[in-house]
Amino acid sequence: MVGCNRTADKGGADGSELYGYVNIRLPHIEGMHECHTHPRVMAFTERYRQSGPILGYYLDDATYPRVDSLGQITFDNYFMIYGDYNRENYDATPADLPLMQEQLERSLVGTNWQEQGRRTEDAYNTLMVGQPAILQKYSPQEGVLTMIILMKYRQENGAESTVVSAANCLLIKKRLLSMAYYMAYQNASTIDALKQRNDAAVKAVMAAN
């Protein structure tokens, strides 16, 4: 499968990508495969790359063997690291992270359930297509701000699916990057599983850079 990496090099990374003038290293993640240069992944993510480059795209062991079928299969437990063409050469500071997260929150045009002090089950029961709910905000480590977002969307066949994502704002080498981790929502315990996997991946990305 061309473009997918699994073997870590001596630096513990699957490779690297330039973001503006900065080299961003892609860490080896146990149980996942970095595939952003795979032709099928590039075609599948074309709409995302209109606003910025995708620097990393990680599929888990269950999805990786079916990478050539992306767009025709349902999958979850994956994450991507991406940038913004308007910011790729901007020298950012820690003060820019809250502003970046605020811009993301405004773009969602959803409900901030954390501010309302509501339960995840309540958010799920009242969730509407196109109106995401922000469940939590936290910082897993220095240089990172994270939002947990619950969202419902309608598939091409008309069926509705609910996904929970961790939307991370990263400050790496004076560059602002985004990282989004997605899982299919089953129940409230999915939130804990997502946070555990997301925070481990974030830690690996930050450590590699």
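Modelled with pLDDT of 70 or more and exposed (fewer than 12 other Cβ atoms within 10 Å of the Cβ): does that describe Asn187?
yes
With the structure loaded, tell me whether Arg154 is open to solvent by less than 50 Å² (accessible area, probe 1.4 Å), of a type in the set (Lys, Arg) and either modelled with pLDDT of 95 or more or closer than 23 Å to Gly71 by Cα (or both) or whether it fails that test.
Working: open to solvent by less than 50 Å² (accessible area, probe 1.4 Å): no; of a type in the set (Lys, Arg): yes; either modelled with pLDDT of 95 or more or closer than 23 Å to Gly71 by Cα (or both): yes.
Taking the combined requirement at face value, the residue does not satisfy it.
Could you please give the count of residues in the range 24-73 that are part of a loop (DSSP other than H, G, I, E, B), open to solvent by 50 Å² or more (accessible area, probe 1.4 Å) and either without any contact (Cβ under 8 Å) to a residue 60 or more places away in the chain or of a type in the set (A, V, I, L, M, F, W, C) (or both)?
9
Sort out which residues of the range 185-201 are in a helix (DSSP H, G or I), touching a residue at least 24 places away in the same chain (Cβ under 8 Å) and of a type outside the set (Gly, Ala, Ser), and write them in order of number.
Across the range 185-201, the qualifying residues are Thr190, Ile191, Leu194, Lys195, Arg197, Asn198, Asp199.
State which residue is nearest to the chain's Cα centre (by Cα) when the search covers only the range 160-177 and only residues that are modelled with pLDDT of 95 or more and open to solvent by 20 Å² or more (accessible area, probe 1.4 Å).
Selected residue: Leu171.
If a residue has to be open to solvent by less than 20 Å² (accessible area, probe 1.4 Å) and either at pLDDT 85 or above or not in a helix (DSSP H, G or I) (or both) to count, how many in the range 120-133 make the cut?
Kept after step one, since they are open to solvent by less than 20 Å² (accessible area, probe 1.4 Å), are these residues of the range 120-133: 123, 127, 132-133.
With the extra rule that they be either at pLDDT 85 or above or not in a helix (DSSP H, G or I) (or both), the set shrinks to 127, 132-133.
Number of matching residues: 3.
Taking Met147 as the residue in question, decide whether it is open to solvent by less than 20 Å² (accessible area, probe 1.4 Å) and under 17 Å from Glu105 (Cα atoms).
yes
Determine, yes or no, whether Gln136 is under 24 Å from Ala200 (Cα atoms), open to solvent by 50 Å² or more (accessible area, probe 1.4 Å) and at pLDDT below 95.
Here the answer is yes, as Gln136 does meet what is asked.
Output the residue which, of all residues in the range 74-119 that are among the β-branched types (Val, Ile, Thr) and crowded, with 17+ Cβ neighbours inside 10 Å, is modelled with the lowest pLDDT.
Once the filter is applied, the top-ranked residue is Thr111.
The values are calculated or read from the model by the stated rules, or taken from the named source; none is laboratory data. Not measured: the values here are computed from a predicted model. Note: ideal-geometry Cβ built from the backbone for every residue, glycine included; neighbour counts use all protein chains shown. Remember, those area values only see protein heavy atoms, side chains included, never the ligands or the DNA or RNA. Shrake-Rupley method; radii C 1.70, N 1.55, O 1.52, S 1.80 Å.
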